[in-house]
Amino acid sequence: MYYSVYKGDKEVVKPSRLGFVICSHKPSFSSFTPVKEFKKKNKGDIELKWGEDRLVDNTYNETAFYLVENKEPKRSMTFRIRVFDNAVAFRYEIPPQPSFSQLTLKEELTEFNLDPESTVWKIPAYQPDRYEYNYERILLENLKGSVHTPFTALTPNGVYLSIHEAALYNYGSMTLKLGKDEVLKADITPLSDHTVAHLRLPFHTPWRLIMLADSAIELTKNRTMFALNDPPKGDFKWVETLKFIGIWWAMYVGEWTWAPGERHGATTEHAKEYIDAAVRLGISGLLIEGWNDGWEGDWLENGIFNKFTVSAPDFDLEEVARYAKRKRVEIVGHHETVGFIDNYERQLEEAYNYYAANGIHYLKTGYSGSMMLIKGRREYHHSQLGVKHYQKTVELAAKKHICLDIHEPIKGTGIERTWPNLLSREGARGQEYEGGAISPSHACYLPYTRLLSGGMDYTSGIFDLANEAKHIATTLARQLAYFVTIYSGMQMAADRPYIYEDKFKEEFEFIKVVPTNFEKTIPLAGEIGEYYVVARKDRDSNDWFIGGITNENSRSVKLNLDFLDDGRYKAKLYTDTDKSHYKENQFAINKEVRNLNKNDNLDIYMAPGGGFAIWLKKT
Ligand code: NOJ
């Protein structure tokens, strides 16, 4: 079986092979005859409980091909393909078979036969730091090794596309690699037994998704991934997006430690101080890391002993939770598993019950470490067993009314439509890599690559830019821009509260008011790795927010505000000055109030490594 994709009259994906290799006495699924075709049309939108857009277009034409193998044992399979205006998606469905009900897959043979001269943007797969690498732009023909999705490309005939997957459950996640024949192929993350999935029938693969656009900025509008996921499984009325501060950055700059000791961060006293600070700052949540037993010594090595129901000696979870409740601050709990899944799963139910019993409805989980330890074996985070583990936590958390922010996660495939308690993920280099390992271009790649897979906890809002322990390669205005350019259902204001309160009250106001749930998003301008400007309308008010960032190069952007609603807006603008610079002059910032409406145009300067943020308040 082969497929190909055209956008208008442009060939985007040349004839590409489909199929599997299965482990059994009749290994390959080959030579099928389509015995029946079933066509369907769907029109209309789906509605997301939270996110960058409330409504997502779900208009498509679908064909399901029912296929039967020509030879014995005459196995059957369905190939289902959906064609949207801006995407193509397909999946394989394997019904129960008369002679067997279980299946082990050795390989998936799906190809994405792009022109080898396409320009592609990639991060490597199967590396110790999972998805946390800098994006690189190369020609497809020079691709070495496997790469993660979303995998974004520009074909020589001018089509932008991103290959990804939707609704990844109970299956290895898809990476891509170039075959000797120069054809890009699915490379499903293997298990330690060298297979890719052990399945019970009926089964269907995740959707293989190709997002398509005529420009880089148009690509960033693509939310088809969510439309390919199922509606919420249950009642998620209790789920609310959240902004939070944390006992966190103080550890990164060396003021405090995760481990108990003289400089222990997560003490009862510090937690109460931070709760009071959250109240003063008008922020709803507080993350507390380093609260539990297990952080002593080398926490990466010792993670196998982590206990998730036992507090450090100088931290009283129950008392802190009571205090937070009184002050109406949501605690964001923390489970750093270090990838020791057996240890974590043994405690899972009890650990979630413990938080739930203490009124804790938000949890950041972490999976540091290059591999997971599952059933005593070293497995990739992104293998079928890893995927199943993450899913277990999402479903258990839903039962206990807990929302998750997963660090070192499985990539987003839109399952938060079905499980809206999965509010955010990390899954790319975040600001913890500042201090040398990321450059200003990094955040300018994300909207066109990683963020096509959903929101990200980038840990924005670090204002202590010139700290010697962690020098941040941005201007101050850009730290505000991130709250608009990088969406997250759980959005962290990552710096220490005293930094905000001492010198930056006016800048912090933007962080306080910027929403974590939007009605709609309008990407305005950008190029991959160079710059990105986006406008978003609040879900709960008539206010609009605009954010823009640039790479190492300064640039001016002209913004036509015709997307605004009728009426007048009082706009607060935070912009770089003509002297701002991410290295030499990070704090130079203009703050200005202007009256604007939809007939106005703005001319905005972004300094090297800079950016801007605008709050348009409807008057
Ligand atoms: C890596 C996470 O990304 C970070 O946010 C966390 O603080 C550390 N692991 C420790 O859990």
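The values are calculated or read from the model by the stated rules, or taken from the named source; none is laboratory data. Keep in mind it's a predicted model, so treat the numbers as computed, not measured. When we count neighbours, we look across all protein chains shown, and the Cβ atoms used for this are built from the backbone with ideal geometry, even at glycine.
Scanning the stretch 43-79 for residues that are aliphatic (A, V, I, L, M) and not in a strand (DSSP E or B) yields a single hit, L48. Scanning the stretch 180-204 for residues that are in a loop (DSSP other than H, G, I, E, B) and over 28 Å from the mean Cα position of the chain (by Cα) yields K180, D181, E182, D193, L201, P202. Count of the stretch 421-468 residues, restricted to those that are part of a loop (DSSP other than H, G, I, E, B), more than 15 Å from the ligand (Cβ to nearest atom), touching a strand residue (DSSP E or B) at 6+ places or on another chain (Cβ under 8 Å) and among the hydroxyl-bearing types (S, T, Y), is 1. In this structure, does E69 turn out to be of a type in the set (D, E), under 22 Å from R17 (Cα atoms) and crowded, with 19+ Cβ neighbours inside 10 Å? Here the answer is no, as E69 does not meet what is asked. If the condition is being more than 16 Å from the ligand (Cβ to nearest atom), in contact (Cβ under 8 Å) with a residue 12 or more places away in the chain and of a type outside the set (S, T, N, Q), then the stretch 356-369 contributes A356, G359, I360, H361.
Among the residues of the stretch 382-401, just one is touching a Pro at 6+ places or on another chain (Cβ under 8 Å) and within 16 Å of the ligand (Cβ to nearest atom), namely Y390.
With respect to being away from the ligand (no atom under 15 Å from the Cβ), modelled with pLDDT of 95 or more and part of a helix (DSSP H, G or I), I275 fits the description. Looking only at residues in the stretch 241-268 that are farther than 28 Å from G436 by Cα and in contact with a strand residue (DSSP E or B) (Cβ under 8 Å, 6 or more places away or on another chain), which one is farthest from the ligand (Cβ to nearest atom)? Among them, the one singled out is T241. Just so you know, in the stretch 370-381 the residues that are in a strand (DSSP E or B) and crowded, with 19+ Cβ neighbours inside 10 Å include one that is nearest to the ligand (Cβ to nearest atom), and it is M372. Condition check for L348 on (1) surrounded by fewer than 23 Cβ atoms within 10 Å (Cβ to Cβ); (2) within 14 Å of the ligand (Cβ to nearest atom); (3) within 20 Å of L423 (Cα to Cα): one failure, at (2). Of the residues examined, D85 is not one that is under 16 Å from K520 (Cβ atoms), at pLDDT 95 or above and over 20 Å from the mean Cα position of the chain (by Cα). Restricting Y574, Y582, Y605 to residues that are buried (at least 19 other Cβ atoms within 10 Å of the Cβ) and either in contact with a Ser or Thr (Cβ under 6 Å, 6 or more places away or on another chain) or among the small types (G, A, S) (or both) narrows the list to Y582. Screening the candidates G285, G333 for the property of being within 13 Å of the ligand (Cβ to nearest atom) and either crowded, with 21+ Cβ neighbours inside 10 Å or over 28 Å from the mean Cα position of the chain (by Cα) (or both) yields one hit, G333. Restricted to helices (runs of 4 or more DSSP H) entirely inside the stretch 287-361, those with at least 3 residues that are out of contact with any Gly (no Cβ under 9 Å at 6 or more places or on another chain) and within 22 Å of E379 (Cβ to Cβ) are 341-357.
Of all residues in the stretch 218-245, those satisfying the criterion of being within 23 Å of L114 (Cβ to Cβ) and either of a type in the set (S, T, N, Q) or over 18 Å from the mean Cα position of the chain (by Cα) (or both) are E218, T220, N222, T224. Under the condition of being surrounded by fewer than 14 Cβ atoms within 10 Å (Cβ to Cβ) and either under 20 Å from T119 (Cβ atoms) or not assigned by TED's automatic domain parsing to the domain that holds H204 (or both), the residues counted in the stretch 11-36 number 0. In this structure, A473 does satisfy being assigned to a loop (DSSP other than H, G, I, E, B), touching a Pro at 6+ places or on another chain (Cβ under 8 Å) and away from the ligand (no atom under 13 Å from the Cβ).
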